[in-house]
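Input: a single structure, listed below in structure tokens.
Since every read-out is calculated from the coordinates, none of them should be taken as a lab result. Every value quoted in this text rests on a predicted model; they were computed, and no experiment measured them. When we count neighbours, we look across all protein chains shown, and the Cβ atoms used for this are built from the backbone with ideal geometry, even at glycine.
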Amino acid sequence: MKIITNKKFLNRKSKSVKFEEGLRIGNTLLNILSDYPDGVGLAAPQIGLLKRVFVIRFKNYEGIFINPGLLYEENSLLSSESCLSFPNKTCNVVRYNKILIMNQIEEFRDATLQLQNQIAIIWQHEFDHLNGITILDKDISDKKGISNDI
Ligand SMILES: [Zn+2]
């Protein structure tokens, strides 16, 4: 499976999925992510599917996010990030250290979840992919922040 690097495609917005389909896509994304030891997250548009699903795998944390929503964010910071779609680029992006999110956990059932620090930052990067936003679109300066390969 080749990861999409076409920015024009990655700038398209993804559509909601049915829960079962979301779960299937999520498991596919986790499998593909295993081929990228430095990768900590992957979103469906990066494998050519404009569907609202992404995954995070960072240290002991693993999560599949289906039709997710961002409810609240606080404590902005500058994050230095890479993206599996743009392997040779590092961008500096404004993120939030603490977020409250919504994730679909069953058909017709959402859960709210609070995320912090690295997981929160990775989550925002992947969530942006669902809205057609990449780190190249949000790069703000050449200051150094925290390093991630997402
Ligand atoms: Zn990315």
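The length gained by stretching the chain between Asp110 and Asn60 to full extension, at 0.36 nm per residue less their Cα-Cα distance, is 15.7 nm. Every Cα-Cα pair of segment 20-133 was included, and the share exceeding 16 Å stands at 58 percent.
Note on Ser80 and Asn131: with the Förster distance fixed at 30 Å, the Cβ-Cβ geometry gives a FRET efficiency of about 0.90. With a Förster radius of 25 Å, plug the Cβ-Cβ distance of Lys8 and Glu73 into 1/(1 + (r/R0)^6) and report the FRET value to the nearest 0.05. Result of the calculation: an efficiency of 0.35.
Separation of the alpha carbons by more than 19 angstrom is noted, of Lys2/Lys59; Lys89/Lys138; Lys7/Lys138; Lys2/Lys138, for Lys2/Lys59; Lys2/Lys138. Considering only trypsin sites (Lys or Arg not before Pro) in DSSP loops that have at most 15 other Cβ atoms within 10 Å, the longest stretch of the chain without any of them is 60-142.
Nearest 20 debye, what's the magnitude of the dipole of segment 7-149 about its Cα centre given +1 on Lys and Arg Cβ and -1 on Asp and Glu Cβ? Please list the in-between numbers first.
On the way: 18 positive and 17 negative charges, 70 e Å.
Once rounded to the nearest 20, the dipole reads 340 debye.
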